[in-house]
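Throughout, read-outs are computed from the coordinates displayed, never taken from laboratory work. Nothing here was measured: the structure is a model prediction, and the numbers come from that model. Ideal geometry is used to build each Cβ from the backbone, glycine not excepted, and the neighbour counts take in all protein chains shown.
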Amino acid sequence: SARLLDVENLHVEFRTQAGVARAINGVDLHLDPGETLAILGESGCGKSVTAQAIMGILDSPPGFVTEGAIRYRGVDLLKLPEEQRRKVRANHIAMIFQDALSALNPVFSVGFQLAELFRVHRGTSRQEARRRSIELLDLVKIPAARQRINDYPHQFSGGMRQRVMIAMALALDPKVLIADEPTTALDVTVQAQIMNLLAELRRERNMGLILITHDMGVVADVADRISVMYAGKVVEEAPVLDIYARPAHPYTKALLESIPRLDMKGQQLNVIKGLPPNLLRIPAGCPFHPRCAYARDECRADPPPQQYDVAPARTARCHFWTEVVGDEPAGS
Ligand code: SF4
Ligand code: MG
């Protein structure tokens, strides 16, 4: 049977005054019901753009999907007529963002905003919409939901506001939930609570969950698989335990070594030198070569293909992955 979500050879361009920015250059991703996929990388590597393409918010200038397929249960959304495509996305794929305050409407109570979703998309009566809205706030563990439903977004703390946004995303019972840096603006304790809530909801509802983050530390406990992105490509994909124990790509290894560790308090963190490439001018060969500790001449000349023989269910895009995997695990 068809996968829940299957992204194949996705390409996205931004046509800017300075030229064509190649934001996504052949991304493959897949997701099954009940599974959590983390998409990892520094900002500017294509994580959010991938999510936006799946959500269909890049169908107009300046961003364009120029190639590839985005299949939901076997149906390529990019080939559906506009109207149907919008319907599938509204009813089956939902997204939450880093900044709940700007995603919620400041002039309406959260109860009104939730009820509006039911009324518009389900034709639910006012009373029933209110009942369901309270149910949703309960579901995301907002205390005293029956009272808080009348509050406005600014009356909630950052963590509680993020829960409101999760409630809104869940209102129409999506099968795929995409969370783009959902906890980046929150303090560490609240981060963990929100991650655990997402993991729990994913389990209870058998949703496919895509977690987008630049921080390998926050997804270790909740992700099943990880796809690491660099310069608009997936450079490594692996089950979570394998990737933490033995990264096969130098970029993944460098990301792992930059996770702050409690036992290293006060010590200099090993941050990756340099920046992700300007997408108007992606370096020839392997785009990571200017920053890579393993780079040699071959890397500057030939782009590495995606290697499927790293291990079952693992791929890496590096000429020298055998060497990387064979090195001491990060942090030992
Ligand atoms: Fe580094 Fe070369 Fe591998 Fe690219 S192909 S990640 S430059 S070793
Ligand atoms: Mg982003």
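Can you give the convex hull volume of the alpha carbon atoms of the range 1-146 per residue, in Å³? Show your work: numbers first, answer last.
Details: hull volume 23.6 nm³, N = 146.
That works out to 162 Å³ per residue.
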Q: Rounded to the nearest Å, what's the spacing between the alpha carbon centres of the range 1-78 and the range 139-198? Just the number, please.
A: 25 Å
**Q.** Length added when fully stretched, ASP138-LEU78, from 0.36 nm per residue minus Cα-Cα
**A.** 18.0 nm
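Using the C-alpha gyration tensor of the chain, what are the square roots of 5 times its eigenvalues, in whole angstrom, with the largest one first?
On the way: eigenvalues 257, 110, 63 Å².
Values for the chain, descending: 36, 23, 18 Å.
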Q | Peptide ranges 41-52, 274-285 listed from the most packed, as the mean C-beta count within 10 angstrom indicates | A | 41-52, 274-285
Q: Would you mind giving the three semi-axes, in whole Å and largest first, of the ellipsoid equivalent to the range 137-272 according to its Cα gyration tensor?
A: 31, 18, 12
**Q.** Ordering of 239-249, 123-133 by packing [mean C-beta count within 10 Å, highest first]
**A.** 239-249, 123-133
Q) What is the spin-label model distance, in nm, from THR189 to HIS214 if the labels are put 7 Å beyond Cα along the C-beta direction? A) 2.6 nm
Q | Percent RCO, i.e. relative contact order, over the range 1-156, from Cα pairs under 8 Å lying at least 6 residues apart | A | 21 percent
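For the residues PHE108, PHE288, PHE156, PHE64, what sequence is obtained by ranking on other C-beta atoms within 10 Å, fewest first?
Details: PHE108 14, PHE288 26, PHE156 20, PHE64 17.
Ranked by crowding around the Cβ, least crowded first: PHE108, PHE64, PHE156, PHE288.
So for the chain, if I pair up every lysine 8 or more residues apart or on another chain, how many of those pairs have alpha-carbons under 18 Å apart?
Working: LYS47/LYS233; LYS79/LYS87; LYS87/LYS175; LYS233/LYS253; LYS253/LYS273.
Here the count comes out as 5.
Using the count of nearby Cβ atoms within 10 Å as a rough guide to exposure, how do TYR152, TYR308 rank from fewest to most?
Details: TYR152 16, TYR308 12.
Going from least to most buried by this count: TYR308, TYR152.
Could you please rank THR322, THR189, placing first whichever residue has the fewest other Cβ atoms within 10 Å of its Cβ? Spell out each step's value before the answer.
Numbers: THR322 13, THR189 8.
So the ranking, lowest neighbour count to highest, is THR189, THR322.
Grab the Cα-Cα distance for GLN306 and VAL271, subtract it from 0.36 nm times how many residues apart they are, and report the gain in nm with one decimal. Can you show the working numbers first?
Values: separation 35, 0.36 × 35 = 12.60 nm, distance 2.56 nm.
Going from the current span to full extension adds 10.0 nm.
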Q) In Å, what Rg and Dmax follow from the Cα atoms of the range 29-107? A) 13.9, 40
(Q) Let's test the formula: R0 of 51 Å, r as the Cβ-Cβ distance of GLU116 and ALA284. What FRET efficiency results, to the nearest 0.05? (A) 0.50
